[in-house]
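A.B. asks: Sharing a structure below in structure tokens format, with a few things to ask.
Computed from the coordinates by the stated procedures, all read-outs in this text should not be read as laboratory data. Keep in mind that what you see is a predicted model, and the values were worked out from it rather than measured. Note that we place each Cβ from the backbone using ideal geometry, even for glycine, and neighbour counts take in every protein chain shown.
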Ligand code: C2E
Ligand code: CA
Ligand code: CA
């Protein structure tokens, strides 16, 4: 009868073979890291094969040559132990703590050398394992040292997890701990129950979990399609997977995506992008990527395929796509990016793709165009970093620009304007700041921060004592449709004991083009508690008279783009005067912005404008300076 149970090893062989096949067929593309992972699986497979054979060779040593017996037993020891080294290398490459991979590489080389020397020399040195003259398999004095290496690597891995915490999720940490516990545990079990060779099986099972935790195909594909996702796209670029000197891409985006978003609803929209992703995978396999619901990119084998690929995509797009509730016919903007060469990093290629998808009309041919985009992106990233830091460290400031009343001849209101002074970039352009905050979703937080600062300022300085009736605060278009806006703003005013009538919220024309219902709702609720509204930048956008009638606003702020031309051109003056007339007839309180000269003041006062704002009186200034201004100018 066999001295050992070989069934465990057979099970391990079966599992690792299946795992290997699954891994190979579903792997997005080979990288150094996932190749290492594959070697861990292979080590276990080979170890299990040797181990299974050794059940026979050790039991019946007289039937096999001694050399074979050595090869089988030592082969098992070598491959089983090499797993921990491979796995360690894998974890280290995932952590990307430093660019310097030396320490880990040196540790791996030393360990491997040690294994090779002590294990392979055993037939002569009897260090690790050997066969007695009677053919009995025996352990040598250095057997225990083999386990020192996995243990050391385990400690090192724990350190990696602690340092690069963010790069690992908890499943990954748990499977890695299970790996070492399993390895140590199974060795101990084997010592106690000598027949039970469970080591390779335990490792095979743990590798299944490790596979799901680390190399799960779902991480690399879009939703439940096989099409690669944004993460894969980036990894592909970063791994420099394009072996040639340049890369050509065909990117496309769904035209009028916002429209489909509204008309189809979330669920149908998801179906739509799934259909597109499925089609792309069928056609282009792992060269196609779905970056988001409406953005896709295909890597071309070479620039010449462009036309043909585009034709294939068009053919698909030009037929209606059937969704569960209805068929839709969509249109796409296609952008071709030919021969982006290696000068560009992965980040830059991603920026270029992103830019061309957002600006499908732009025709990117020249290197300079692309450089500019990259420059803009870097600039944006810097501003974004500054915004994040300002939110964290409370670094935003609010400046105040006094607004002059032609009737009382005092500065009875002011506009609050955000300022962000970055140590490196200096004062960041507020328009750029606000636009970026809107795009990245920080606007709600920032709006609240500004509003809170204004209320605090008004309270701490008892601003009404300076003959200031109200402060105007800008409300971004996105905030206007924010669900809980009223509650938040009402809460802040209450916290500082600010009367709602001392606040005026400025909204821009664009605000009412999106989600009108929410806007009306917010305005009505805020109106009900006593907050008034102005329309900002009147005349700068697509002026539709409708909102003048529909929205509950009392103040209209005429934009400088109406005022300034009027100073140079008689016809523009007609426009200005009639704009004022129109607004007066509608009973609006008129504020004119961008008043820079005395001449402007005189004309506008004559025309009956109620309030004037501009550099002629004062630029936006810090709170202290604003108070000083009021002391000097409001008590005459
Ligand atoms: P806005 O609401 O139209 O603000 C008026 C802008 O015109 C301010 O620019 C102000 O400094 C500038 N200005 C005022 N008088 C004159 C003048 O006589 N001549 C010239 N050339 N400019 C004048 P600023 O502070 O750079 O703000 C730009 C825009 O950023 C604002 O335009 C507003 O849309 C946005 N913004 C500023 N602060 C906030 C905020 O707290 N929240 C939101 N949502 N947007 C803000
Ligand atoms: Ca404004
Ligand atoms: Ca304005």
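A.B. asks: Can you check what the Kirkwood hydrodynamic radius comes to for segment 1-154, Cα pairs only, in Å to one decimal?
C.D. replies: Working: mean 1/r = 0.0595 Å⁻¹.
For segment 1-154, inverting the mean 1/r across all distinct Cα pairs yields 16.8 Å.
A.B. asks: Measure nothing fancy, just the Cα-based angle from helix 443-460's long axis to the longest principal axis of the chain, in degrees from 0 to 90, nearest 10.
C.D. replies: The two axes meet at around 50 degrees.
A.B. asks: Let me ask something additional. Report the full-extension gain for the segment residue 573 to residue 138: residue separation times 0.36 nm, less the Cα-Cα distance, to one decimal in nm.
C.D. replies: On the way: separation 435, 0.36 × 435 = 156.60 nm, distance 10.47 nm.
That pair, residue 573 and residue 138, stretches by 146.1 nm at full extension.
A.B. asks: Give the value in nm², to one decimal: projected area of the alpha carbon convex hull of the chain, averaged over all directions. Show your work: numbers first, answer last.
C.D. replies: Values: hull surface 156.8 nm².
Directional mean of the projected Cα hull area for the chain stands at 39.2 nm².
A.B. asks: While we're here: Based on the inverse mean of 1/r over its pairs of different Cα atoms, what is the Kirkwood hydrodynamic radius of segment 376-455, in Å?
C.D. replies: Numbers: mean 1/r = 0.0732 Å⁻¹.
Taking the inverse mean of 1/r over all distinct Cα pairs, segment 376-455 comes out at 13.7 Å.
A.B. asks: Right, something else. Sticking to Cα atoms, compute the Rg of segment 74-152 to one decimal and its Dmax as the biggest Cα-Cα distance, whole number, in Å.
C.D. replies: For segment 74-152, the Cα radius of gyration and maximum Cα-Cα distance read 14.9, 53 Å.
A.B. asks: Report, in degrees rounded to the nearest 10, the 0 to 90 angle that the Cα long axis of helix 485-495 makes with the longest principal axis of the chain.
C.D. replies: Between the helix axis and the principal axis of the chain, the angle is about 70 degrees.
A.B. asks: Remind me, relative contact order of the chain in percent, using alpha carbon pairs under 8 angstrom and six or more residues apart?
C.D. replies: Details: 883 pairs, mean separation 53.8, N = 636.
The value is 8 percent.
A.B. asks: If you don't mind, there's one more thing I want to ask. How far apart, in nanometres, would the label points at residue 30 and residue 42 be if each is projected 7 angstrom from Cα along the Cα-to-Cβ direction?
C.D. replies: Label-label distance for residue 30 and residue 42, simple model: 0.9 nm.
A.B. asks: Give, to the nearest whole percent, the P(r) tail of segment 183-342 beyond 22 angstrom, counting all Cα pairs.
C.D. replies: Values: 6808 of 12720 pairs.
In whole percent, the share of Cα-Cα pairs in segment 183-342 beyond 22 Å is 54.
A.B. asks: When only alpha-carbon atoms count, how far does segment 244-284 stretch along each of its three principal axes, as whole angstroms with the largest first?
C.D. replies: The Cα atoms of segment 244-284 stretch 43, 21, 10 Å along their principal axes.
A.B. asks: Still on this structure, please answer the following. Nearest 5 is fine: what % of DSSP beta bridges in the chain come out antiparallel, could you say?
C.D. replies: On the way: 36 of 61 bridges.
Antiparallel bridges make up about 60 percent of those DSSP assigns within the chain.
A.B. asks: Further question on the same structure: Kirkwood Rh over Cα pairs of segment 516-612 into Stokes-Einstein at 4 °C, 1.567 mPa s: D in µm²/s? Display every interim value, and only then the final one.
C.D. replies: Working: Rh = 14.1 Å.
Stokes-Einstein gives a translational diffusion coefficient of 92 µm²/s.
A.B. asks: Right, something else. If each residue's Cβ is checked for other Cβ atoms within 10 Å, how do 531, 334 rank with the fewest at the top?
C.D. replies: Values: 531 23, 334 18.
By the 10 Å Cβ count, ascending, the order reads 334, 531.
A.B. asks: Let me ask something else about it. By per-residue mean of other Cβ atoms within 10 Å, what is the highest-first order of 160-171, 47-58?
C.D. replies: Working: 160-171: 13.0, 47-58: 22.7.
Going from most to least packed, we get 47-58, 160-171.
A.B. asks: Let me ask you something else. Rounded to whole Å and ordered largest first, report the semi-axes of the equivalent ellipsoid of segment 109-212 derived from its Cα gyration tensor (root of 5λ).
C.D. replies: Numbers: eigenvalues 190, 61, 19 Å².
Listed largest to smallest, the semi-axes of segment 109-212 are 31, 18, 10 Å.
A.B. asks: Take the Cβ-Cβ distance between residue 528 and residue 14 as r, set R0 to 60 Å, and report the resulting FRET efficiency rounded to the nearest 0.05. List each step's numbers first, then the result.
C.D. replies: Values: r = 71 Å, r/R0 = 1.18.
Efficiency at R0 = 60 Å is approximately 0.25.
A.B. asks: So what is the calculated 222 nm ellipticity per residue for the chain, using -39500 (n - 2.57) for each DSSP H run with n of 4 or more, over all residues, to the nearest 500 deg cm²/dmol?
C.D. replies: Numbers: 23 runs with 351 residues, N = 636.
The helix contribution divided over the chain gives -18000 deg cm²/dmol.
A.B. asks: Then there is this: Out of the DSSP beta bridges found with both residues in segment 373-495, what percent are antiparallel (nearest 5)?
C.D. replies: Numbers: 9 of 13 bridges.
In segment 373-495, DSSP labels about 70 percent of beta bridges as antiparallel.
A.B. asks: Can you pull a Stokes-Einstein diffusion coefficient for segment 529-575 at 20 °C (1.002 mPa s), Rh from Kirkwood over Cα pairs, as a whole number of µm²/s?
C.D. replies: Values: Rh = 12.0 Å.
So the translational diffusion coefficient is about 179 µm²/s.
A.B. asks: Still on this structure, please answer the following. Specify the angular offset, from 0 to 90 degrees and rounded to the nearest 10, of the alpha carbon long axis of helix 66-95 from the longest principal axis of the alpha carbons in the chain.
C.D. replies: Taking the Cα atoms of the chain, the angle to 66-95 is about 10 degrees.
A.B. asks: Under the 0.36 nm per residue contour assumption, what length would be gained going from the current alpha-carbon distance of residue 60 and residue 223 to full extension?
C.D. replies: Full extension of this stretch gives 53.2 nm more.
A.B. asks: May I pose another question? Sorted from fewest to most neighbouring beta carbons within 10 Å, what does the list 177, 383, 192 look like?
C.D. replies: Working: 177 14, 383 21, 192 7.
Arranged by neighbour count, lowest to highest, 177, 383, 192 become 192, 177, 383.
A.B. asks: Taking the number of other C-beta atoms within 10 Å as the exposure measure, put 618, 176, 122 in order starting with the fewest. Intermediate results must be reported in sequence, preceding the final value.
C.D. replies: Numbers: 618 19, 176 26, 122 22.
Final ranking by Cβ density, sparse to dense: 618, 122, 176.
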